[in-house]
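The structure appears below as structure tokens.
The values are calculated or read from the model by the stated rules, or taken from the named source; none is laboratory data. It should be emphasised that the depicted structure is a prediction, and the values quoted were computed from it without experimental measurement. Neighbour counts are summed over all protein chains in view; Cβ atoms, including those assigned to glycine, are modelled from backbone coordinates with ideal geometry.
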Amino acid sequence: KQEVTQIPAALSVPEGENLVLNCSFTDSAIYNLQWFRQDPGKGLTSLLLIQSSQREQTSGRLNASLDKSSGRSTLYIAASQPGDSATYLCAVRGRDDKIIFGKGTRLHILP
Amino acid sequence: KAGVTQTPRYLIKTRGQQVTLSCSPISGHRSVSWYQQTPGQGLQFLFEYFSETQRNKGNFPGRFSGRQFSNSRSEMNVSTLELGDSALYLCASSLALGLAGMIHEQFFGPGTRLTVL
């Protein structure tokens with residue numbers, strides 16, 4: 001049974017710092033992994049999607065990597081800004097087509 | 001291009017009642033998924049529809065059901081509501097589902113906040 005873990009559950013960093021969010025999964029037989037952000041009381045905004053055949057994806061200040069063999073993905077945020085404060089979620093789509101989400105990392109960027 | 005829309009945005013019901021939530025996907029998207037989000041359990045997958053067929057189902061009781069129409073719009077229904085059903089229900093759409101080499105990203109709606117009293 002696929003399990004997705006995100007550590008830490010919460011993180012506070014000063015504005016301008018680079019930071020890394022972690023996502024680990026137990027079953028490496030996946031179709032893809034997707035990173036989202038969620039603002040309080042809102043839906044999810046897709047950030048990056050990495051297919052199982054890919055190693056990384058980049059969008060602006062965001063870079064996501066995928067290492068299937070070790071069951072890990074990281075989301076790198078460069079030059080953090082207060083507007084980056086949100087909860088970041090990773091989701092894995094397994095070969096059974098079920099999508100499993102981690103519990104998220106609550107990020108707070110200190111001005 | 002309009003995003004995923006969900007109606008209603010907020011709903012208050014009492015135990016034992018039933019509720020129907022609606023989701024309109026992005027134009028051209030044929031796959032719709034539903035999720036339940038609670039503070040304790042996080043985001044949990046309910047079911048996924050593609051071309052009016054349920055393709056996948058999470059581990060929820062039979063009180064939770066759904067359907068998809070020919071225009072890809074989807075509804076989910078919860079019967080005999082319980083206090084524990086209070087949650088944010090999220091709908092997501094994607095272009096395709098599980099087609100070889102075409103696993104598309106999901107786009108989420110704003111959610112329906114259901115409160116059961």
Selection from the stretch B:35-68 of residues that are without any contact (Cβ under 8 Å) to a residue 12 or more places away in the chain, over 16 Å from B:Ser93 (Cα atoms) and surrounded by 14 or more Cβ atoms within 10 Å (Cβ to Cβ): B:Gly42
Filtered residues of the stretch A:8-54 (kept if more than 15 Å from A:Tyr88 (Cβ to Cβ) and of a type in the set (Gly, Ala, Ser)): A:Gly16, A:Ser28, A:Ala29, A:Gly41, A:Ser52, A:Ser53
The stretch A:8-55 - residue that is away from every other protein chain (no Cβ under 14 Å), assigned to a strand (DSSP E or B) and β-branched (Val, Ile, Thr) and, of those, surrounded by the most Cβ atoms within 10 Å (Cβ to Cβ): A:Val13
task: Filter the stretch A:69-111 for residues that are more than 16 Å from A:Ser12 (Cβ to Cβ), away from chain B (no Cβ under 14 Å) and not in a strand (DSSP E or B) and give the result.
output: A:Ser69, A:Ser70, A:Gly71, A:Ala78, A:Ala79
message: Residues that are small (Gly, Ala, Ser), modelled with pLDDT of 95 or more and closer than 19 Å to A:Lys98 by Cβ, at least 2 per element: which strands (runs of 3 or more DSSP E) completely within the stretch B:2-110 meet that?
response: B:64-68
- prompt: Does B:Ser24 satisfy the condition of being farther than 12 Å from B:Gln106 by Cβ and either of a type in the set (Val, Ile, Thr) or in contact with a strand residue (DSSP E or B) (Cβ under 9 Å, 6 or more places away or on another chain) (or both)?
  reply: yes
- prompt: Quick check, is A:Gly71 under 29 Å from B:Phe47 (Cα atoms), surrounded by 14 or more Cβ atoms within 10 Å (Cβ to Cβ), more than 10 Å from the chain's Cα centre (by Cα) and not aliphatic (A, V, I, L, M)?
  reply: yes
